[in-house]
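Read through the structure below, which is laid out as C-alpha cells, and then see the notes.
The values are calculated or read from the model by the stated rules, or taken from the named source; none is laboratory data. What you see is a predicted model, and the numbers here were worked out from it, not measured in a lab. In this analysis, Cβ positions are derived from the backbone assuming ideal geometry, glycine residues included, and neighbour counts consider all displayed protein chains. Please note that ligands, DNA and RNA were not included when accessible areas were found on the heavy atoms of the full protein model with its side chains. Shrake-Rupley method; radii C 1.70, N 1.55, O 1.52, S 1.80 Å.
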Amino acid sequence: MAQAAAGLRPLPVPGLGLVLLGGLLLRGGAAAGAGAEPCQAPRQWEGRTVTYEHGTGRNTRAAVSYDGPNQRLRVLEERKALIPCKKFFEYIFLYKDAVMFQIEQVTKLCSKVALIEPWDPYDIPANSTYEDQYYIGGPGDKIMVQEWSDRKPARKLESWVGVYTVTDCYPVQETYTKNYSVTTSTRFFDLQLGIADPSVFTPPSTCQTAQLRKMEGEC
C-alpha cells in the first residue's frame, strides 16, 4: 500500500467481482473465502508503472526502483513522445531522511523538498480487508490475483484498494480515493526482484546546490 509517488482505470467495485483493468474485463475466480490472510509483498524490486491522476486526467509512465528495507523510492519518468513544453523528471525519495530530490532530466537542475508524508510501502497491511479473488486475462494466460482494501465494518467506503498476485504477491494495481472520489490509480508491470544498481538512490552532484522548491512540469 503506497501513495502515488509522482499512483488508472476505474475503481474496483467491492462485492461485484468485476473489475476493468487495462481494458480487460476480469471475472471473479475461485474465492479465497473466509480467513484469507494478506500475502507478503517483495521488499525490493524494479519495474515500470503508469499512474493516472484523476483530477488532471494525466498519465505518467515511469521506471521505478523500490527499496522497502531502506525506505527509498526512485521514479524516472519515461519519455514516450516529444511533448512541447513538457519537462521530465527523476525523483529520489529518501524517507528515512524525510527528503525528496527532483532532478530535471535534461539540465540536471535539482530541487530538494522535505517529505511530510510518512513511508507507505507497496504491500498489503496486516489489518486489510479481503475483497475478492479473480483471474486477469483469459484461458491460457490468466493470472490469479487478490483484491484488498482498508475498508472497515464501521466505514462502508475504502480509501485504498490494492490488487496483488496470489503466487508471488507482486503489486498489480493500487487505487486511492478521497472524499468519495478516486484520486490516483497506479498499474505495475515488468517487475524484477532486487535492485540492479543501488546508486540510483544517490542524488547527482547538482543536488549539492539544490533549490528548495519543487519545479513545475510545464514551460
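Using a 1.4 Å probe on the protein heavy atoms, what percent of the accessible area of the stretch 80-219 belongs to carbon and sulfur?
Working: 4420 of 7940 Å².
Roughly 56 percent of what the probe reaches on the stretch 80-219 is carbon or sulfur.
Between Lys142 and Arg58, what is the FRET efficiency for a Förster distance of 35 Å, r being their Cβ-Cβ separation, to the nearest 0.05? All intermediate terms of the calculation are to be shown ahead of the outcome.
Details: r = 31 Å, r/R0 = 0.88.
E(calc), rounded to 0.05, equals 0.70.
Please list 3J(HN,Hα) in residue order for the stretch 184-191, calculated via the Karplus relation 6.51 cos²θ - 1.76 cosθ + 1.60 where θ = phi - 60°; whole Hz, with x for glycine and proline.
Along the stretch 184-191, the couplings run 9, 9, 10, 9, 10, 7, 6, 7 Hz.
I'd like the trypsin sites (Lys or Arg not before Pro) in the stretch 134-210 restricted to DSSP loop residues with at most 16 other Cβ atoms within 10 Å, sorted by number.
Details: sites: Lys142, Arg151, Arg155, Lys156, Lys178, Arg187; in loops: Lys142, Arg151, Lys156.
Listed in order of number, the matching sites are Lys142, Lys156.
Residue separation times 0.36 nm, minus the C-alpha to C-alpha distance between Ile116 and Val200: what's the value?
Numbers: separation 84, 0.36 × 84 = 30.24 nm, distance 2.22 nm.
The span from Ile116 to Val200 would gain 28.0 nm if fully extended.
Extension gain Asp190-Val106, at 0.36 nm per residue separation less the Cα-Cα distance, in nm?
Numbers: separation 84, 0.36 × 84 = 30.24 nm, distance 2.56 nm.
Full-extension gain reported as 27.7 nm.
Based on Cα positions only, what radius of gyration and what Dmax would you give for the stretch 112-210, in angstroms?
When restricted to the Cα atoms of the stretch 112-210, Rg and Dmax are 17.4, 55 Å.
Put a dot 7 Å past each Cα toward the Cβ at Lys96 and Gln211; how far apart are the dots in nm?
3.1
May I ask you to give the solvent-accessible area per residue for the stretch 47-141, in square angstrom, as obtained with a 1.4 angstrom probe? Can you show the working numbers first?
Working: 4810 Å² over 95 residues.
Spelled out: the 1.4 Å probe surface of the stretch 47-141, per residue, equals 51 Å².
If you look for lysine pairs in the stretch 40-131 that are eight or more places apart or on different chains, how many of them have Cα atoms under 22 Å apart? Don't skip to the answer; put the middle values down first.
Values: Lys80/Lys108; Lys86/Lys108; Lys86/Lys112; Lys87/Lys108; Lys87/Lys112; Lys96/Lys112.
Pairs that pass both the separation and distance tests number 6.
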